[in-house]
Amino acid sequence: MSNIVTALQSKFDNTTVLTDLQDMAKYVTDWPGKLTGKALAVARPSSTEEVAAVVKLALGHGTPIVPQSGNTGVAGGSVPDDSGAAIVLSLERMNKIRDISPSAMTMTVEAGCVLETLHETVEAQNLFFPLNFGAKGSCMIGGNLATNAGGQNVLRYGNTRELCLGIEAVLPDGRIVNLLSGLRKDNTGYDLRDLFIGSEGTLGVITAATMKLFHLPKARATSFAVVPDISHGLELLNRAQAETGGAVEAFELIPRVFMEIIQEYAPQHNIPFDKIPDLCVLIEIATTSDTEAVADADGVVPIFSKLEKILANGFEDGIVQDAVIASSEAQRREMWDMREGALEAVTAAGVWIGFDISLPLDQVHAFVDEITQRADAIVPELRMCHMGHLGDGNLHYTIFSPEDGAEESTSNADAIKAAVYDAIADFGGSFSAEHGIGTTKLYAMTNYKDPVALAVMQQIKAALDPKGIMNPGKLLPQ
Ligand SMILES: Cc1cc2nc3c(=O)[nH]c(=O)nc-3n(C[C@H](O)[C@H](O)[C@H](O)COP(=O)(O)OP(=O)(O)OC[C@H]3O[C@@H](n4cnc5c(N)ncnc54)[C@H](O)[C@@H]3O)c2cc1C
């Protein structure tokens, strides 16, 4: 038995330290089920002090640590490799809400709080935490911070980084750095909080955070609108922003291929059109004001008529071709369930190559046209799906397994990846918009990240983690 395991077992009980292979199984396989590694043990500390104790023991034994929260990451960062040399440090038992302040509009929560639990807890107090996406029932705030997660409400509220006011973390040498604060302004040197956000477990373990809260919207108007192309879709977004004073909460791109996949692989979801359109957007506007949320004497709810008017004007100008507005909360939920089921449906359809990319908004249309041509030149008539958070210029660009067996050809896959990454660089985009680097994007990190930026990141890593114990082999090429 390894020394680190003995050391952990002598300090903690057997609910905190798991060593049985069956007990460890769910911690060593990633969400898509593609990556399975091995771990010496899984440590499940219940407090920041216990996290620090685990880190100190691991440092003493030179044992790599893989921090893990909800294990829903899709870049391979949350699971150990197959060397069997690492321990997994799960934050799942650090799930206390330490404080909610309705007057300061903040909450201080531990890393293992499940996102959906946070939603429900603050909504019971008429408050709103806007970070939201399909994995909300399993992902945890520590993982959201470590990946700087995005999702469907970034357009209005920002990504996880923008929602975070303060962080508590355990450094790779076991010291606890307490930057928890609800301060909106704090210019006291380098922003270490921002250093931990998006660091994917490579600089330390996030144990708690202070996050911003918002007023809970009183009404939301939601529609699937058919648009002629991406550029017209963006025009609809800009008009809706102007008309609502920036109250567009979400603006998602849904192409035909996605709806076909839903029909085939997730038929429990309702397609809101008789005939699947080529391209539509899912638009949602929201209000926290009674004036817009409460029905007038004729039963008209102003926020709904506002959305109807935006869509009707768009129809007259050829920006919108058809639209369905959710007439009840149940219908709205159905629309979002379909959108949030995307990753599962697309995974079931057999992803061959998947990308999570971002582009300047005014380049998205041209990029999609260009990459379709470039990929077609390598493997003709591939089935591609460019859905995503259009309001943020973020596409989850997926190419499905070709029927003729071309997926066997690694060289084709490599050529397509290179074509996409080259095109992203040509169009001024990013090869990782919101899922992070993990292990799956190391190739792009090596070849497409600004070399000076990469070198500075390596220097920061070496300064904070000279023994390289924090999630080695993830995020930074070695
Ligand atoms: C159905 C589905 C839909 C999704 N949709 C979106 C989406 O719309 N937008 C989006 O951004 N992502 C999305 N994701 C990806 C994923 O849910 C996010 O990356 C999420 O933030 C990961 O959180 P987690 O708690 O599961 O982290 P984990 O998977 O446990 O970890 C992710 C990374 O963070 C590190 N880490 C975890 N916890 C800590 C900690 N406390 N301290 C330091 N490092 C830590 C891990 O080592 C790993 O590198 C989706 C995933 C699924 C399965």
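The values are calculated or read from the model by the stated rules, or taken from the named source; none is laboratory data. Quantities reported herein were computed from a predicted structural model and do not represent experimental measurements. Note: ideal-geometry Cβ built from the backbone for every residue, glycine included; neighbour counts use all protein chains shown. The accessibility values were calculated without ligands, DNA or RNA, using every heavy atom of the protein model including side chains. Shrake-Rupley method; radii C 1.70, N 1.55, O 1.52, S 1.80 Å.
Taking the condition crowded, with 21+ Cβ neighbours inside 10 Å, assigned to a helix (DSSP H, G or I) and in contact with an Asp or Glu (Cβ under 8 Å, 6 or more places away or on another chain), does LEU234 pass?
Values: crowded, with 21+ Cβ neighbours inside 10 Å: yes; assigned to a helix (DSSP H, G or I): yes; in contact with an Asp or Glu (Cβ under 8 Å, 6 or more places away or on another chain): yes.
Answer is yes for this residue.
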- Item | Failed condition for LYS441, given (1) more than 16 Å from the ligand (Cβ to nearest atom); (2) of a type in the set (D, E, K, R); (3) under 30 Å from PRO472 (Cβ atoms) | (1)
- Query: Does GLN478 satisfy being modelled with pLDDT under 95 and open to solvent by 30 Å² or more (accessible area, probe 1.4 Å)?
  - Reply: yes
- Item | Filtered residues of segment 309-330 (kept if in a helix (DSSP H, G or I) and without any contact (Cβ under 8 Å) to a residue 60 or more places away in the chain) | ALA312, PHE315, GLU316, GLU329, ALA330
- Query: If a residue has to be among the aromatic types (Phe, Trp, Tyr) and under 12 Å from SER223 (Cα atoms) to count, how many in segment 246-272 make the cut?
  - Reply: 1
- Tally, over segment 190-221, of residues that are away from the ligand (no atom under 14 Å from the Cβ) and surrounded by 23 or more Cβ atoms within 10 Å (Cβ to Cβ): 2
- From the set of residues in segment 199-216 that are outside any loop (DSSP other than H, G, I, E, B) and not hydroxyl-bearing (Ser, Thr, Tyr), which is farthest from the chain's Cα centre (by Cα)? HIS215
- Output the number of residues of segment 137-185 satisfying the condition of being closer than 24 Å to SER46 by Cα, within 8 Å of the ligand (Cβ to nearest atom), assigned to a loop (DSSP other than H, G, I, E, B) and open to solvent by 30 Å² or more (accessible area, probe 1.4 Å). 1
- Message: Contact list please: Cβ distance under 6 Å, first residue in segment 53-71 and within 6 Å of the ligand (Cβ to nearest atom), second residue hydroxyl-bearing (Ser, Thr, Tyr), pairs at least six apart or on different chains.
- Response: GLN68/SER78; GLN68/SER90; GLY70/SER138; ASN71/SER78
- Note on the structure: In segment 93-132, anything assigned to a loop (DSSP other than H, G, I, E, B), in contact with a helix residue (DSSP H, G or I) (Cβ under 7 Å, 6 or more places away or on another chain) and near the ligand (Cβ under 9 Å from one of its atoms) is listed as ALA111, GLY112, LEU131
- Enumerate the pairs (first residue in segment 98-118 and closer than 22 Å to LYS185 by Cβ; second residue anywhere and of a type in the set (Gly, Ala, Ser) and surrounded by fewer than 23 Cβ atoms within 10 Å (Cβ to Cβ)) with beta-carbon separation below 7 Å, excluding pairs fewer than 6 apart on the same chain, so at least 6 apart or on different chains. SER101/GLY182; ALA104/GLY182; THR106/GLY182
- Message: Between ALA58, ALA53, ALA85, which is open to solvent by less than 50 Å² (accessible area, probe 1.4 Å), more than 30 Å from ARG184 (Cβ to Cβ) and in a loop (DSSP other than H, G, I, E, B)?
- Response: ALA85
- Which condition number in (1) modelled with pLDDT under 95; (2) part of a strand (DSSP E or B) is the one that ARG374 fails? (2)
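Residue-by-condition table, conditions (1) modelled with pLDDT of 95 or more; (2) open to solvent by 60 Å² or more (accessible area, probe 1.4 Å):
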position	(1), (2)
PRO380	no, yes
GLU403	no, yes
GLU408	no, yes
ASN412	no, no
ILE424	yes, no
